[in-house]
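Undergrad: First, the structure itself, so that you have it in front of you.
The values are calculated or read from the model by the stated rules, or taken from the named source; none is laboratory data. Keep in mind it's a predicted model, so treat the numbers as computed, not measured. Cβ placement follows ideal geometry from the backbone for every residue including glycine, while neighbour counts extend to all protein chains displayed.
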Amino acid sequence: MRLCIKGMFKAFDMILRKCQRKYKRGTDPKLIGIRCLECNFDPKAKTYNPHFHLLIPSKEISDLIKKEWCALWNRRYVKSRNWKKDVLAAPKLQVNVKVDNTLKDYIEVIKYGAKVFTDPEVTKGKSGKWVVYAKALHEIYKAFEHRRLISSFGIDMPKVEKTKTESKEVTDTQKEYMTKP
């Protein structure tokens, strides 16, 4: 799983660099958004599901990222004109577009990196049973080690001017603070 997560970060960084070059040339929109890594454990199949959640401002950016993501993870994309079918072969990339309730959507994207409690029946909580799979959770956290789970991309913060600080030499001190009582 560590290698998969490493590959996912590398692929996303490649997409950002490629699109940034195209943006500078004026051929693509600027990619901006928030990225969050999440991983789930499926107890029936005994598999992990690492995936990114993205919060981005437009459908145009969504389609661009999905297209580039599929191109990197699925070489058939070069020959295929229908990249929506090819998305099934790529690691998951969930893109949330058109934020109606900003706070709710932010919470959905950044709520957790890994689910602590998992439904063993994999029925999305309908069984009423919740189990902690400690070994799986430990593996997920080991794979997340030294990774930034939540980050922004393409967002430029305004530069703040640094204020100059002046220093003075203090020579006059009160004696009562210098002596012990």
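Undergrad: Return only the number of the condition from (1) within 28 Å of Ile107 (Cβ to Cβ); (2) touching a helix residue (DSSP H, G or I) at 6+ places or on another chain (Cβ under 8 Å); (3) assigned to a helix (DSSP H, G or I) that Leu37 does not satisfy.
TA: Leu37 satisfies every listed condition except (3).
Undergrad: Consider Leu31 against the criteria (1) crowded, with 20+ Cβ neighbours inside 10 Å; (2) modelled with pLDDT of 85 or more; (3) not in a loop (DSSP other than H, G, I, E, B): it satisfies all of them except one. Which criterion is unmet?
TA: With respect to (1) crowded, with 20+ Cβ neighbours inside 10 Å; (2) modelled with pLDDT of 85 or more; (3) not in a loop (DSSP other than H, G, I, E, B), Leu31 is out only on (3).
Undergrad: Still on this structure, I have one more. Mind listing whichever residues of the stretch 12-70 are closer than 30 Å to Val132 by Cα and either hydrophobic (A, V, I, L, M, F, W, C) or in contact with a Lys or Arg (Cβ under 7 Å, 6 or more places away or on another chain) (or both)? It would help to see each step written out before you state the result.
TA: Of all residues in the stretch 12-70, those closer than 30 Å to Val132 by Cα come to 34-55.
Those that are closer than 30 Å to Val132 by Cα and either hydrophobic (A, V, I, L, M, F, W, C) or in contact with a Lys or Arg (Cβ under 7 Å, 6 or more places away or on another chain) (or both): Ile34, Cys36, Leu37, Cys39, Asn40, Phe41, Ala45, Asn49, His51, Phe52, Leu54, Leu55.
Undergrad: Let me ask you something else. When only residues in the stretch 131-154 that are of a type outside the set (D, E, K, R) and loosely packed, with under 10 Cβ neighbours inside 10 Å count, which is modelled with the lowest pLDDT?
TA: That would be Ala134.
Undergrad: Looking at the stretch 40-60, which of its residues are in contact (Cβ under 8 Å) with a residue 12 or more places away in the chain and not in a strand (DSSP E or B)? Can you show your working first?
TA: Within the stretch 40-60, the subset in contact (Cβ under 8 Å) with a residue 12 or more places away in the chain is 40-44, 48-60.
Selection gives Pro43, Lys44, Ile56, Pro57, Ser58, Lys59, Glu60.
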